[in-house]
Amino acid sequence: MTKALEGVRVLDMTHVQSGPSATQLLGWLGADVVKLEAPSGDITRKQLRDLPDVDSLYFTMLNCNKRSITLNTKSERGKEILTELIRRSDVMVENFGPGAVDRMGFTWERIQEINPRIVYASIKGFGEGPYTNFKAYEVVAQAMGGSMSTTGFEDGPPLATGAQIGDSGTGIHAVAGILAALFQRESTGRGQRVNVAMQHAVLNLCRVKLRDQQRLAHGPLAEYPNAQDTAGAEEVPRSGNASGGGQPGWAVKCAPGGPNDYVYVIVQPVGWKPLSALIGRPELAEDPEWATPESRLPKLGKMFQLIEEWSAGLPKWEVLEQLNAHNIPCGPILSTKEIVEDESLAANEMVVQVEHPERGTFTTVGSPLKLSDSPVDIVTSPLLGEHNAEVYVGELGLGDEELRLLKTNGVI
């Protein structure tokens, strides 16, 4: 069966996480992703190693379904080879610092001259303006995109989220832009520039907080557990585990009280009667002080306290079973260990075992994109320069002797 992006060649000049997460998605969708690395390799090959002298999980989990070639793009011969690689590619992706590729001699204008059909995608930390040259990292993007100021509890510091919304979140946005540009090329015949900034991607993922910022002008945020503190507030406060939506939610404790013994519960209007009976307080379903969503909003803290008094005596899986039996929206807090061992995630190919030639088997995340006519096979990440001969000799037509000289002279 063919893949969705079969026949699309991607020149992957990315490193660390934001770029590799994007190009890996393209690889999962069937593109031929050629990862171009300096002869020393992507820095993450050696970062956070759990085993000596093998590629780290940091690298392997972000670079499946790719081929690896090495090239010193600062050398004259390296520039000539890069020019040929650009000429033969449909997509080029990079996440170097601002202006780095331009300084190599490959401005957008030059790239268009080489290949007018190429889609050239760049991931940067920030857009044009005072932040352009700031160094961008995952949590810096969270800090400047609106996430950290609205994450955590009211009496605590701003917090980073464990989800990599700055890096991988930006990668997903980049893929959307790349696919749109490829689609538009079908009608125009031209490639185009795709720019995505990490700060901008985080901001897009924080749009509900920008919604609430505007709502403050018209009164307190009643669905927040600290609603009284939002009256007259100039900015959206941190609101703990509040759902952020129209239906209030909270993580309630379960037995035996471990760090992840919690279930997240959403209280919908239709669910209040069965929930009040389940927690042993059936009278609250008819009590005018509790019966309606409007009457419950001023005392959300007390409402979830009552639920927690019930849930704290039961294991989270039993709480989950009882809530689901009454169609009450809920979900257990799953630890990383529980996720790795979750049979349903394995069955859905979201937790995948991959054989690596040097490190043996490793566990990685599978593709969340499920296309009926384009199934995803997770292929192990490449060794450094593993495909040099395949690409340079087999595809670019260089001779074996030149390949040897390129290596001797430090070009590859």
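Which loop GluC sites (Glu not before Pro) in region 305-412, with loop taken from DSSP, have no more than 13 other Cβ atoms within 10 angstrom of their Cβ?
Within region 305-412, the qualifying GluC sites (Glu not before Pro) (loop, at most 13 other Cβ atoms within 10 Å) are 341, 358.
What is the log10 of I(q)/I(0) for the chain, computed with the Debye formula using one identical point scatterer on each Cα and no solvent, at q = 0.06, 0.09, 0.13 Å⁻¹?
Calculated log10 I(q)/I(0) at the listed q: -0.33, -0.69, -1.16.
Of the candidates 277, 174, 141, which one comes out as most mobile in a Gaussian network treatment of the chain with C-alpha springs shorter than 10 Å?
Between 277, 174, 141, it is 277 that shows the largest mean-square fluctuation.
Measure off, as a whole percent, the carbon and sulfur share of the 1.4 Å-probe accessible area of region 43-87, all protein chains present.
Here carbon and sulfur together make up 55 percent of the probe-accessible area.
Report, in whole Å, the centroid distance computed from the Cα atoms of region 301-371 and region 91-110.
A separation of 41 Å, based on Cα centres.
From Cα pairs below 8 angstrom and at least 6 apart in sequence, can you work out the relative contact order of region 209-264, rounded to a whole percent?
Relative contact order for region 209-264 comes out at 24 percent.
So for region 88-244, averaging the separation of alpha carbon pairs under 8 Å that are six or more residues apart and normalising by length, what relative contact order in percent results?
26 percent
Excluding ligands, DNA and RNA, what is the solvent-accessible area per residue of region 1-142 at a probe of 1.4 Å, expressed in Å²?
42 Å²
Using the alpha-carbon atoms, what tilt in degrees (0 to 90, nearest 10) does helix 300-311 show relative to the longest principal axis of the chain?
With rounding to tens, the tilt is 90 degrees.
Grab the DSSP H runs of the chain that are 4 residues or longer, score each as -39,500 (n - 2.57), total them, divide by all residues and round the 222 nm result to the nearest 500 deg cm²/dmol.
One gets -9000 deg cm²/dmol as the mean residue ellipticity at 222 nm.
How would you classify region 1-135 from its alpha-carbon gyration tensor, with a ≥ b ≥ c the square roots of the eigenvalues: rounded for a/c under 1.5, else prolate if a/b is greater than b/c, otherwise oblate?
Judged from the Cα gyration tensor, region 1-135 comes out rounded (a/c under 1.5).
Which angle between 0 and 90 degrees, to the nearest 10, do you get for helix 76-87 versus the longest principal axis of the chain when only C-alpha atoms count?
Helix 76-87 sits at roughly 60 degrees to that axis.
Under unit Cβ charges (Lys, Arg +1; Asp, Glu -1), what dipole magnitude, rounded to 20 debye, does the chain have relative to its Cα centre?
It comes to approximately 980 debye.
Want the number for residue 405 to residue 184: 0.36 nm per residue separation, take away the alpha-carbon distance, what's left?
Residue separation times 0.36 nm, minus the Cα-Cα distance, leaves 75.4 nm.
With contacts defined as alpha carbon pairs under 8 Å and 6 or more residues apart, what's the relative contact order of the chain in percent?
It rounds to 18 percent for the chain.
Could you give the Stokes-Einstein D for region 325-412 in µm² per second, using the C-alpha Kirkwood radius, 20 °C, 1.002 mPa s?
Once the numbers are plugged in, D ends up at 125 µm²/s.
Are there any GluC sites (Glu not before Pro) in region 123-222 that are in a DSSP loop and have at most 13 other Cβ atoms within 10 Å? List them by number.
Of the GluC sites (Glu not before Pro), the ones in loops of region 123-222 whose Cβ has at most 13 other Cβ atoms within 10 Å are 128, 154.
Tell me which residues come under 5 Å, amide H to amide H, from residue 31 once H is placed; ignore anything under 5 positions away on its chain.
Correct list: 5.
Express the carbon and sulfur contribution to the solvent-accessible surface of region 296-390 as a percent, rounded to the nearest whole number, probe 1.4 angstrom.
Ligands and nucleic acids excluded, carbon and sulfur give 55 percent.
Can you work out ³J(HN,Hα) from phi for every residue in region 335-350, in order, using Karplus 6.51 cos²θ - 1.76 cosθ + 1.60 and θ = phi - 60°, giving whole Hz and x for Gly and Pro?
Each residue's phi maps through the Karplus curve to give 6, 4, 5, 5, 5, 4, 9, 6, 5, 5, 5, 5, 5, 8, 6, 9 Hz.
Quick one: grab the alpha carbon gyration tensor of region 237-326, order the square roots of its eigenvalues as a ≥ b ≥ c, and give me rounded if a/c is under 1.5, else prolate or oblate depending on whether a/b is larger than b/c.
oblate
On C-alpha positions alone, give me the angle between the axis of helix 316-325 and the longest principal axis of the chain, in degrees, nearest 10.
Taking Cα atoms only, the helix is inclined about 70 degrees.
Looking only at 143, 389, 121, which one moves most when the chain is put into a Gaussian network model with springs between Cα atoms under 10 Å?
The residue with the greatest mean-square fluctuation here is 389.
The values are calculated or read from the model by the stated rules, or taken from the named source; none is laboratory data. Nothing here was measured: the structure is a model prediction, and the numbers come from that model. Note that we place each Cβ from the backbone using ideal geometry, even for glycine, and neighbour counts take in every protein chain shown. The area values use the complete protein model at the heavy-atom level, side chains included, leaving out ligands, DNA and RNA. Shrake-Rupley method; radii C 1.70, N 1.55, O 1.52, S 1.80 Å.
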